[in-house]
Structures are given as C-alpha cells and as structure tokens.
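Below is the structure I would like to discuss, written out as structure tokens.
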Amino acid sequence: MQKIFNSATGRYVSPTGRVGKRIIKIASPKKKSFISPIGKSTSSGSTKKSFFSPISSIEITSPKKLSKGSKESIDILVDVACEELDSVRRSKLLGRGTEGSVYIHCILNNCNYVVKVQYDAEDPDEPPLYDVLRKEMKKTNIAHNAGLAPKIYKVLKCDKNILTLMDLVKGQTLAKEYSTLKGVTVDRLIHAIGRLHDLGIYHSDLNPQNIIVDNNKITFIDFGIRNKKYLKQYDFASLLYYMPSYAIQNDNITEFIYVRVVQVLRGYNDTVSKHIVSIWESDKIEYENKMNMIRDYILEKVYQDTFL
C-alpha cells in the first residue's frame, strides 16, 4: 500500500491511519494542502476523510492531580487570612513572649502549623515590622531548605497586627531541655550553627529560647534581623552570653559548651574572639569567674554595637 506524504506534519501516512517514519522535508511553498476539521464539510459539500483517529476514540487524560499531603498540595492549601485573626486567637496558645503570641493553626484537620501574632507599634525609630518579618521569612526559608528551620508560608499585615504562618516545630527549647542535655547534642548544635554560616546566614539572636531540640535534632527559630553587619563570631558570642544563667541546671554541659565554642573562636582572627579565648584559657582567673567575665565582655563589646 502506497503511503501519502502529509506536508503539515512532515510524515508519511497510510490511508489506514498508521504513521510512518518521520522525515525532514520542507514542502514546496507552491503546494498547499488543507485538511478540514473532522466531520466538517469542505466547500464542495463533501466531507474530507481524515487519516487520524477520531477524537472520540482518543483517551483524554486530565492534568496530574496533586495527591493529598504532597508538598505541592501543602504549598497551595496552607494559608491564613486577616478574617481568621479572631479564630486564631481562640486556638490553643502555644507560647507568649515579648514579641508576640504563638497559636496552633489547623488546616483541613492538619494541626501541624502555627500562627505568630505580633502587634506593630510602628516605632518611627525602627524599620517597619512587616518589612523586618519579610526579611526574616527569606532567611528562615533558606535555613529550612537545609533542614535547620521551619518553613514560613506567609507574613500578613492585618491593620496593627502582623500574622506569620509557619510549620509547627516538634520538641522543646534548649532552655527547657538544658538540665538533661548531653555532649552529643552540644556537638550537633555547634555543627548546625556552622552549617548556617556556610549558607551565609547569621542568626543574630541565638539564645536557648530560639533553639529547639528534638532527639538531638536542632532547629532554629526567630531569626534576628538587625541594621548592622553581624559576623559568624557574633552567633557564638551570643550563645556564650546566655550560658551562665543555665550553669546551675547543668554545670558540666555549660563548661562543655564553652570548651566547644572557644575551640571555634580560636580559629577566628578578630579582637573579640581572641579576648574571649584568652579569658577562658587564663590560669590567673578562677573558673567560677571566667564565664561571668566573658559575659560582661560580650555585653560591653557586642550588645553595645562595638562588635567588630
């Protein structure tokens, strides 16, 4: 059976509808062919036979549907609106701090989300809170992609309130877990801070309340955003600043944290790091005084914006 060349598709086809091998051939501009739509009469009144299967015999597949619980469907479904603020406030309170309150948020019976509600005082001497939280969202989601922080889905301005929708983080804060901490968790913490820095991210508000521990898994929350440049040393110095207040709970782990952080700071060639290391390694200072001296030094140099 002789095949017929279809210039529209560049294929040889047989009258029975089987498609032959495709060839690279450009039809002559002088030769024009016209195939009318299936079932539609030509100008002569006759219906031109199509070499292709009729539409009725072709199985039409719908676009791929997102399975329930898939990452794509979660990204689409997870949301919060200003109209939900009252219902959010009636939800289970997870925690309350100076910056705002955190509530459990359920979406389609999935309660693995939280909404943080913060009041925007609109301080003229400070950048707008909404802008600050948008920057925090960007920083946090970079850390989330590395498994170091929850995902923030949305930052929403509702009049004087700012709503932040994010994943619920399982576990307890380092502050609550401090009395039972083990050395392996401290090593994971130091390693996790280093991974943040490798991503070019500096927490800049690293304290035990902003570190979640769950079976030695470390998760960082409430990333700080400031107008000055923070270096890697600042995060470690901040960690040391808060440790003396937890020393009574677990003296051994506090010392272990100092030892590990000092090992890191020893590799930094800056004035603050060198001074912290010199205090810790000094034989002339009583051990009980070392942590407080380092804390006072950090307070002076770091928290008074003289950290270099």
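What single numbered condition from (1) part of a strand (DSSP E or B); (2) of a type outside the set (A, V, I, L, M, F, W, C); (3) touching a residue at least 60 places away in the same chain (Cβ under 8 Å) fails to hold for GLU136?
GLU136 satisfies all of (1) part of a strand (DSSP E or B); (2) of a type outside the set (A, V, I, L, M, F, W, C); (3) touching a residue at least 60 places away in the same chain (Cβ under 8 Å) except (1).
Which members of the stretch 77-109 meet the condition of being at pLDDT 90 or above, of a type outside the set (A, V, I, L, M) and in a strand (DSSP E or B)?
SER101, TYR103, HIS105, CYS106
Are there any pairs with C-beta distances below 7 angstrom linking a residue in the stretch 195-221 that is on the phi > 0 side of the Ramachandran plot to a residue that is surrounded by fewer than 22 Cβ atoms within 10 Å (Cβ to Cβ) and of a type in the set (Lys, Arg), with the two at least 6 apart or on different chains, and if so which?
Going by the 7 Å Cβ cut-off, the qualifying pairs are SER204/ARG226; ASN216/ARG188.
Any residue in the stretch 118-131 that is more than 18 Å from ILE152 (Cβ to Cβ) and assigned by TED's automatic domain parsing to the domain that holds ARG89 sitting within a Cβ distance under 8 Å of a residue that is modelled with pLDDT of 90 or more and surrounded by fewer than 13 Cβ atoms within 10 Å (Cβ to Cβ)? List the pairs, counting only those 6 or more apart or interchain.
Sorted first by the residue in the stretch 118-131, then by its partner, the pairs are TYR119/LYS160; GLU122/LYS160.
Here's something else I'd like to know. Does the stretch 194-204 contain at least one residue that is assigned to a loop (DSSP other than H, G, I, E, B) and among the hydroxyl-bearing types (Ser, Thr, Tyr)?
Yes, the stretch 194-204 has at least one match.
Considering only the stretch 191-203, how many residues are crowded, with 17+ Cβ neighbours inside 10 Å and over 17 Å from the mean Cα position of the chain (by Cα)?
Total meeting the criteria: 0.
Which number in (1) exposed (fewer than 13 other Cβ atoms within 10 Å of the Cβ); (2) modelled with pLDDT of 90 or more; (3) over 26 Å from ARG195 (Cβ atoms) marks the one condition that ASP305 misses?
Unmet for ASP305, out of (1) exposed (fewer than 13 other Cβ atoms within 10 Å of the Cβ); (2) modelled with pLDDT of 90 or more; (3) over 26 Å from ARG195 (Cβ atoms): (2).
Can you run down the residue pairs with Cβ atoms below 7 Å, 6 or more apart or on separate chains, where the first is in the stretch 265-278 and surrounded by fewer than 16 Cβ atoms within 10 Å (Cβ to Cβ) and the partner is part of a loop (DSSP other than H, G, I, E, B)?
ASP270/LEU308; THR271/LEU308
From the list VAL115, VAL186, which one is modelled with pLDDT of 95 or more and either surrounded by 17 or more Cβ atoms within 10 Å (Cβ to Cβ) or assigned to a strand (DSSP E or B) (or both)?
After ruling out the rest, the residue left standing is VAL115.
Still on this structure, I have one more. With (1) crowded, with 17+ Cβ neighbours inside 10 Å; (2) out of contact with any Gly (no Cβ under 9 Å at 6 or more places or on another chain); (3) not assigned by TED's automatic domain parsing to the domain that holds LYS232 as the list, and CYS158 as the residue in question, which single condition is left unmet?
Unmet condition: (1).
The values are calculated or read from the model by the stated rules, or taken from the named source; none is laboratory data. Everything quoted here is computed from the prediction, not taken from an experiment. With ideal geometry, Cβ positions are generated from the backbone for all residues, glycine too; neighbour counts draw on all protein chains shown.
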